[in-house]
1. Report, ordered by the first and then the second residue, all pairs with beta carbons closer than 8 Å, sequence separation of six or more or different chains, a first member in segment 68-96 that is under 23 Å from residue 149 (Cβ atoms), and a second member that is basic (Lys, Arg).
2. Consider segment 72-96. How many of its residues are surrounded by fewer than 12 Cβ atoms within 10 Å (Cβ to Cβ) and either among the small types (Gly, Ala, Ser) or more than 27 Å from residue 204 (Cβ to Cβ) (or both)?
3. Checking residue 157 against (1) within 15 Å of the ligand (Cβ to nearest atom); (2) open to solvent by 10 Å² or more (accessible area, probe 1.4 Å): exactly one of these is not met. Which one?
4. Would you confirm, using the coordinates I've provided, whether residue 159 is out of contact with any strand residue (DSSP E or B) (no Cβ under 9 Å at 6 or more places or on another chain), of a type in the set (Asp, Glu), under 15 Å from residue 222 (Cα atoms) and modelled with pLDDT of 95 or more?
5. So for segment 193-204 (the condition being open to solvent by less than 20 Å² (accessible area, probe 1.4 Å) and more than 10 Å from the ligand (Cβ to nearest atom)), does at least one residue qualify?
6. If you take the residues in segment 118-147 that are exposed (fewer than 13 other Cβ atoms within 10 Å of the Cβ) and free of Cβ contacts under 8 Å to residues at least 24 places away in the same chain, which one is nearest to residue 178 (Cα to Cα)?
7. Sort out for me the strands (runs of 3 or more DSSP E) sitting completely within segment 149-261 that have 2 or more residues that are over 27 Å from residue 107 (Cα atoms).
Amino acid sequence: EGHWLVHLRAASIGDQYVVIMAEDRSQQHRTEAIRHDFVANVSHELKTPVGAMSLLAEAIEDAADDPEAVRHFASRLTIESMRLAALVQDVISLSRLQGRDIVETAEPLDITRLVSEAIDRVRTEASARDISIHSRHPEPLSVYGDHDQLMAAIRNLIDNAVTYSPDGSTVWVEVTKHDDVVHIAVSDQGSGIAEEDRERIFERFYRVDSARSRSTGGTGLGLSIVKHTVSNHGGEVMVESVVDEGSTFLIRLPALDPEAHEAATEGTEP
Ligand code: ADP
């Protein structure tokens, strides 16, 4: 910030003119620094599940004569390996999204339907904790985007709303249009997020309460993936929250004109 990294090259043309070329390398320099940080963080985060897995494997060896203990350690080993798999998956998703500002696989999408599908995928887990998910979408709406990426981003917000809410509470998901912008709002009655954390939760691996987040199986990359996905789609994500009352995450995406959607998908949908 505030620094410029400029490469200068000079060439002479004949004996009367000198051409000086200046190339701004500051962006490239910043990108390299971010990548370096990311690799350092990933290595650190990988050590936790890998360390736990090797301890559990040792415990299984030592407990070979006690089938009950072996079962116990083996099931914890499975949990740690799932956590590791989730972390690797998130790191891959994020590194694919970073530094890419166009969505190459975009197509016209019925965002109302996509949000309903996202809710259906979270419902079982929510109802196990007696959390009900209410949704409201007054009209069918379309956006231009990548189905799987937007599904993952919206699911992430709904997953978080459920994870950070008390049993028996309610989560609301609302899809509306304001001028030419589609709003997808996910609200919960959970713990809320303090003001000083609100900006930082979108950073990679930032967690308000790392012990709690780890025990819920989170990787700390979810919101960072959401932010990159949404900005690659020309939109933005923001949060409003009151501590101990709840949070609302809002994704704003450029709306696709319904006629354009119809023309683009003509004959391809049943
Ligand atoms: P995690 O895998 O830890 O959930 P995220 O990037 O999805 O990672 O979220 C980062 C942090 O933001 C979480 O660890 C949690 O502290 C906080 N957070 C996210 N969503 C909510 C929410 N709906 N209510 C309260 N806190 C939240």
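The values are calculated or read from the model by the stated rules, or taken from the named source; none is laboratory data. None of the values given here were measured: they were computed from a predicted structure. Here Cβ is always computed from backbone atoms with ideal geometry, including for glycine, and neighbour counts include all displayed protein chains. Protein only, heavy atoms only, side chains kept; ligands, DNA and RNA dropped before computing areas. Shrake-Rupley method; radii C 1.70, N 1.55, O 1.52, S 1.80 Å.
1. Qualifying pairs under 8 Å: 94/204.
2. Adding up the residues that qualify gives 2.
3. (2)
4. yes
5. Looking for residues that are open to solvent by less than 20 Å² (accessible area, probe 1.4 Å) and more than 10 Å from the ligand (Cβ to nearest atom), one finds none in segment 193-204, hence no.
6. 120
7. Hits in segment 149-261: 170-178, 236-242, 246-256.
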